[in-house]
Amino acid sequence: MTNHRANPFEDVGNLPAFEPKPKTPKPVAKEQIEKIAETDGFPSRQPARPATRRMGRRYRTGRNQQINIKATSQVIEELYNMADERRVPLGELLEQALKALKKQTAGGV
């Protein structure tokens, strides 16, 4: 066994010709990209924005428990709209709804 190491610089003349990387293409305008995507039927990956933004709600009510429920987007929108119309927090609207339901079931049904 030989202890001879190969010299990487020994046969420099045998290396293939060095060629620089090709230039990167110039950037394309965003409008042009969107036009091409639209004509070829590529959907946008941007999330759909809601039609209206709700106003922020800050109420100091003493309520400190949280409830997490699943509902359809229509029910959630209606809940927020009802709270906005009455100018009450969601917890207060829930209390009013529960009182009304108790009254309805105890009184007539």
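Ignoring lysines fewer than eight residues from K70 along the same chain, the ones with Cα atoms less than 27 angstrom from its Cα are K99, K102, K103. The Kirkwood radius of segment 25-102, taken over pairs of alpha-carbon atoms, gives through the Stokes-Einstein law at 37 °C and 0.692 mPa s a diffusion coefficient of 195 µm² s⁻¹. K26: which lysines have alpha carbons under 26 Å from its alpha carbon, excluding same-chain residues fewer than 8 sequence positions away? Straight-line reach from K26, under 26 Å: K35. Kirkwood Rh over Cα pairs of segment 69-109 into Stokes-Einstein at 4 °C, 1.567 mPa s: D in µm²/s? Approximately 116 µm²/s, per Stokes-Einstein.
Where a number appears in this text, it was derived from the coordinates with a stated rule and is not lab data. Quantities reported herein were computed from a predicted structural model and do not represent experimental measurements.
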